[in-house]
Amino acid sequence: MAEPVVRVPDAKVALSTASVYPESTATAFEIAARLGYDGVEVMVWTDPVSQDIEALRRLSDYHRVPILAVHAPCLLITQRVWSTDPWTKLQRARSAAEKLGASTVVVHPPFRWQRQYARDFVAGIWRMSNETDVRFAVENMYPWRYRDREMLAYAPDWDVTKDDYRHFTIDLSHAATARTDALAMIDRMGDRLGHVHLADGRGSAKDEHLVPGRGTQPCAEVLERLALTGFDGHVVIEVNTRRAMSSAEREADLAEALAFTRLHLASAARVPRR
């Protein structure tokens, strides 16, 4: 007879350096090492360390925590980080990933007012993908809402499955804000799903990035599906800990997120008894 055994997929669980904000990029490496994360995703933003490849390499070596992904500076607050030209930003993100041994660059679709960049974006991402082994994983976003008004801030679309990309990132907090079905979006992504940002949400107009299990998103179901399908990308904890009252409380949240993720990535598989 076959007996159920615990099987853990090849997916590594990483900590986004954004998850420790307002603490530093360096603190994220320290916490990731202490809690036993498999690696980090570096959010390139206004912290000078996040922009410095040699500083990041030293942190990775010192803490023995690999850098698994680089999040390109796509946020409003990072418009001047690594140039004001969006293609230069992506070129530098790719170079950083290659030098640091990261397999993935996470990128948002353009803002609608970046007209030329938006027009060329799909073809440009394909072109850059063909020039490297690094995955450019384009991330789902959401409409901006204020009261009863909705603004489509991203182009070609916040729903990246409407366009042809080689790899996708699914962000469950963004799915919650968009009020879209994350599992259906994953179905549309199919085998092009290369990267996961795990966080929860309750459908608020604000992008909440809650600890998994504290909102209404199917975080457990997504992880179980990844395990059953043999997902070999990275699962990145990208949560908001800004309201933590202390470093200890922040670390407890990140430990809870890691435990939740590892629990649900472990799935029952049947193997023959010897």
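Listing for the model above:
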quantity	calculated
Residue within the stretch 147-154 that is over 23 Å from VAL65 (Cβ atoms) and open to solvent by less than 10 Å² (accessible area, probe 1.4 Å) present	yes
Any chance GLU224 is open to solvent by 70 Å² or more (accessible area, probe 1.4 Å), within 22 Å of VAL20 (Cβ to Cβ) and either assigned to a strand (DSSP E or B) or of a type in the set (Asp, Glu) (or both)	no
LYS99 vs. criteria among the basic types (Lys, Arg) and within 22 Å of ASP38 (Cβ to Cβ)	yes
Filtered residue count, the stretch 151-205, keeping only those that are in a strand (DSSP E or B) and under 23 Å from ALA14 (Cβ atoms)	12
Condition met for ALA137 (closer than 24 Å to LEU90 by Cα, open to solvent by less than 10 Å² (accessible area, probe 1.4 Å) and at pLDDT below 95)	no
Some residue of the stretch 241-252 being acidic (Asp, Glu), surrounded by fewer than 16 Cβ atoms within 10 Å (Cβ to Cβ) and at pLDDT 95 or above	yes
Set ALA18, ALA33, ALA14: member being among the small types (Gly, Ala, Ser), under 25 Å from ASP200 (Cα atoms), in contact with a His (Cβ under 9 Å, 6 or more places away or on another chain) and surrounded by fewer than 22 Cβ atoms within 10 Å (Cβ to Cβ)	ALA33
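Results for (1) in contact with a His (Cβ under 7 Å, 6 or more places away or on another chain); (2) among the hydrophobic types (A, V, I, L, M, F, W, C); (3) within 19 Å of VAL239 (Cβ to Cβ), shown as yes or no for each residue.
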{"residue": "ASP133", "(1), (2), (3)": "no, no, no"}
{"residue": "TRP144", "(1), (2), (3)": "no, yes, no"}
{"residue": "PRO156", "(1), (2), (3)": "no, no, no"}
{"residue": "ASP163", "(1), (2), (3)": "no, no, no"}
{"residue": "ALA175", "(1), (2), (3)": "no, yes, yes"}
{"residue": "GLY190", "(1), (2), (3)": "no, no, no"}
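Yes or no, residue by residue, for (1) at pLDDT below 95; (2) touching a helix residue (DSSP H, G or I) at 6+ places or on another chain (Cβ under 8 Å); (3) not β-branched (Val, Ile, Thr):
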site	(1), (2), (3)
SER16	no, yes, yes
MET43	no, yes, yes
VAL49	no, yes, no
GLU98	no, no, yes
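Each row is one residue, and each column tells you yes or no for (1) of a type in the set (A, V, I, L, M); (2) on the phi > 0 side of the Ramachandran plot; (3) surrounded by fewer than 16 Cβ atoms within 10 Å (Cβ to Cβ); (4) touching a residue at least 40 places away in the same chain (Cβ under 8 Å).
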{"site": "ALA26", "(1), (2), (3), (4)": "yes, no, no, no"}
{"site": "TYR37", "(1), (2), (3), (4)": "no, no, no, yes"}
{"site": "VAL44", "(1), (2), (3), (4)": "yes, no, no, yes"}
{"site": "GLU54", "(1), (2), (3), (4)": "no, no, yes, no"}
{"site": "ILE67", "(1), (2), (3), (4)": "yes, no, no, no"}
{"site": "VAL81", "(1), (2), (3), (4)": "yes, no, no, no"}
{"site": "PRO86", "(1), (2), (3), (4)": "no, no, no, no"}
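The values are calculated or read from the model by the stated rules, or taken from the named source; none is laboratory data. Model, not experiment: these values are computed from the prediction. In this analysis, Cβ positions are derived from the backbone assuming ideal geometry, glycine residues included, and neighbour counts consider all displayed protein chains. These accessible areas exclude ligands, DNA and RNA; they are computed on the full protein's heavy atoms, side chains included. Shrake-Rupley method; radii C 1.70, N 1.55, O 1.52, S 1.80 Å.
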